[in-house]
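The values are calculated or read from the model by the stated rules, or taken from the named source; none is laboratory data. Keep in mind the model is a prediction, meaning the values are calculated, not measured. Counting neighbours? That spans all protein chains shown, and the Cβs are built from the backbone with ideal geometry, glycine included.
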Amino acid sequence: MINITLPDGSVRAYESGVTAMQIALSISEGLARNVLAAEVDGEVWDASRAIEQDAHVKLLTWNDEQGKSTFWHSSAHLLAEALEALYPGIKFGIGPAIQTGFYYDVDFGDQEFSSDDFKKVEDKMLELAKQKEVFERRAVSKAEAITYFEEKGDEYKLDLIKDLEDGKITFYSQGSFTDLCRGPHIPQTGVIKAIKLTNVAGAYWRGDESRKQLTRIYGVTFPKASELTDYLKMIEEAKKRDHRKLGKELELFAFSEKVGMGLPLWLPKGAALRQKLMDFLQKAQLKAGYEPVVTPHIGHKQLYVTSGHYDKYGEDSFQPIKTPVEGEEFFLKPMNCPHHCEIYKTKPRSYKDLPVRFAEFGTVYRYEQSGELHGLTRVRGFTQDDAHLFCRPDQVKEEFKKVIDLVLYVFGALGFDDYTAQVSLRDPNNKTKYIGTEENWTLAEQAIIEATAEKGLNSVIEYGEAAFYGPKLDFMVKDALGRKWQLGTIQVDYNLPERFELEYTGSDNQKHRPVMIHRAPFGSLERFVAVLIEHCAGQFPLWLAPEQFIILPVSEKYEEYAQNVLNSLNNSDIRGLIDLRDEKVGRKIRDAEMKKLPYMLIIGDKEIESGTVSVRKHGSVDLGSMTSEAFKELLIKEITV
């Protein structure tokens, strides 16, 4: 017999070899019908896989993120089965679950495929799903795996097998389709009730532009048809909110092929919005004891060799900048933290000086593959609202909690009130990806877990998501459409102070190593602005709007009065403009609505006679007439952050 501990802490005894599905059935048949997979001692398994020793088990359904991920990964296999039936001889790359749905990379050879074929493939997938095909897991030797895919002539799977360890390779089969896969999978295809293929694109094999471009087919599936209907409505709303579309319409940012892919150009209105965000955070940081610093856009190669970034990210950096001096190389800055370590070292530090908090809006550069670039959310040059805190070990938890408070202050001011704190720890099964000692990692992970609990955050633990130099707390924020984004991050680092030989003199007059906390409430300004645009559909909080009002004179004869009103409001640090176009006022109102300007002030005969303005709020809300002084007070009250 073995003991199974459930999430509520209860312990049940079962015979060794019991499956998660059998455990679910022992609780209730209704639960068993909804089980998609199980988390066994932190690892996601098939619900049909035998559990042979004591374990902590969580039954996963559609309501769990890992349940959805398993559902969508299984749907990728269903897509591959349908494609193989319709297009014999095709070859497959990888088919993972993604945040919403899944994709599969396919080599169609000489056969044609486009979005026109989606309906045919969807119908085939539904036909196969209705057969309730069971997903069967089978362990195979490396030799057997190679033989199978050599016979199929699938060079992509053979390329993947090269990196796999013999004895840890598994195949999954459903119906007539077999794939190389770690799993896990849902019990059978019948739970997939609604299917939609959403997009087709090109993707280089292994993300390498020198290798063959495959066809990437995206899709999404659901256990209920009504959920697909809701999802499609959300997609239509997302298209309206797309930050690339709104960024162009609102004249916030642009891209130029001559400047380079992934290098955004901030237009005047976008620059104003960006500056407002920086001013807002700068004010909060100064109040919290941060000191502003500025570092160069480049650094000597040795700086990044010392930090470890060259070893871990060298391939993702731009090519080195060589100087006339033999062997001298510089890199565009991929991270700000090594520079801040060098600032810390500019003078001796005492235990009484700590914590030291350096903050910088530092622009960094990373060579993202062209196929991965996407508006402002994935760029090659971006500005991080970076800060690095150097503190004593006994100060770590308290400083970490203060940073949490700062992140939550930022989220509250911008309307992000639905978030989860993700405690990102090491992959316990592959610690070679990380630098530093076991002792330091344990201390850092413990500090984050305790601080998160003490702040009462809604949190989850994710293994394998830590930075290479330390664990972190990532804030996963849901926007107005329910989509999840990783925005703010806080990281505890015992390793960079070691690598840079940072020191402070303790109360015992001996040298000690400080602990470093990395933090960025926005993450990057580019990504944050993109998410903010889509979250609020371009209707920014009044304090952040590049233009807070527009004055609409009915005709030319009211322009002098309009200018006087504008001057009065601008003198109070309220931002606006006058629409002087020779257009009817109705057209001016429609255009102001399209540009999502928060307030419109309409001026005609009645307003001049009464010394007022007629105020209209975005969204066709008529606030009536008021003096410019009363309007000023209205705005000042609303923009107070």
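A few points about this structure:
- Top-ranked residue in the range 61-84 [being in contact with an Asp or Glu (Cβ under 9 Å, 6 or more places away or on another chain) and at pLDDT below 95; ranked as nearest to residue 160 (Cα to Cα)]: 66
- Candidate set from the range 390-415 (those that are modelled with pLDDT of 90 or more and not in a helix (DSSP H, G or I)); member that is farthest from residue 506 (Cα to Cα): 390
- Hey, residue 619 surrounded by fewer than 18 Cβ atoms within 10 Å (Cβ to Cβ), under 36 Å from the mean Cα position of the chain (by Cα), on the phi > 0 side of the Ramachandran plot and not acidic (Asp, Glu) or not: yes
- Residue in the range 534-546 that is in a strand (DSSP E or B), at pLDDT 90 or above and within 24 Å of residue 245 (Cβ to Cβ) present: no
- Tally, over the range 615-632, of residues that are in a helix (DSSP H, G or I) and farther than 14 Å from residue 575 by Cα: 2
- If you check 498, 526 for being in a helix (DSSP H, G or I), crowded, with 21+ Cβ neighbours inside 10 Å and charged (D, E, K, R), only one passes: 526.
- Only one of the listed residues (29, 81, 39, 43) is under 25 Å from residue 222 (Cβ atoms), within 26 Å of the chain's Cα centre (by Cα) and among the acidic types (Asp, Glu). That residue is 39.
- Residues satisfying the stated conditions in the range 248-284, i.e. touching a residue at least 24 places away in the same chain (Cβ under 8 Å) and closer than 16 Å to residue 381 by Cβ: 253, 260, 261, 262, 263, 264, 270, 274
- Selection count, the range 256-289, where residues are in contact with a Lys or Arg (Cβ under 9 Å, 6 or more places away or on another chain) and either surrounded by fewer than 16 Cβ atoms within 10 Å (Cβ to Cβ) or outside the structural domain of residue 386 (by TED's automatic domain parsing) (or both): 5
- Test: residue in the range 435-443 that is of a type in the set (A, V, I, L, M, F, W, C) and assigned to a helix (DSSP H, G or I): yes
- Matching residues, the range 501-521, being farther than 16 Å from residue 404 by Cβ and outside any strand (DSSP E or B): 501, 502, 503, 506, 507, 508, 509, 510, 513, 514
- For residue 430, the criteria (1) over 21 Å from the mean Cα position of the chain (by Cα); (2) under 27 Å from residue 339 (Cα atoms); (3) at pLDDT below 90 hold in every case but one, which is (2).
- Residue match in the range 421-431 (condition: assigned to a helix (DSSP H, G or I) and either touching an Asp or Glu at 6+ places or on another chain (Cβ under 8 Å) or within 30 Å of residue 164 (Cα to Cα) (or both)): yes
- First in the range 551-567 and touching a residue at least 40 places away in the same chain (Cβ under 8 Å), second anywhere and in a loop (DSSP other than H, G, I, E, B) and hydrophobic (A, V, I, L, M, F, W, C), Cβ under 9 Å, 6 or more apart: 553/580; 562/580
- The lone exception for residue 39 - which of (1) among the charged types (D, E, K, R); (2) farther than 15 Å from residue 20 by Cα; (3) not assigned by TED's automatic domain parsing to the domain that holds residue 106 it fails: (2)
- Note on the range 332-369: among residues that are of a type in the set (Phe, Trp, Tyr) and within 21 Å of residue 467 (Cα to Cα), the one that is surrounded by the fewest Cβ atoms within 10 Å (Cβ to Cβ) is 367.
- Scoring residue 375 on the criteria (1) crowded, with 17+ Cβ neighbours inside 10 Å; (2) at negative phi leaves a single failure, condition (2).
- No other residue among 305, 293 is among the hydrophobic types (A, V, I, L, M, F, W, C), modelled with pLDDT under 95 and farther than 26 Å from residue 252 by Cα apart from 305.
Conditions (1) in the same structural domain as residue 450 (by TED's automatic domain parsing); (2) hydroxyl-bearing (Ser, Thr, Tyr), marked per residue:
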position	(1), (2)
336	no, no
351	yes, yes
357	yes, no
366	yes, no
373	yes, no
377	yes, yes
391	yes, no
395	yes, no
401	yes, no
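- Filter result (closer than 21 Å to residue 284 by Cα and either of a type in the set (A, V, I, L, M, F, W, C) or assigned to a loop (DSSP other than H, G, I, E, B) (or both)) within the range 376-389: 387, 389
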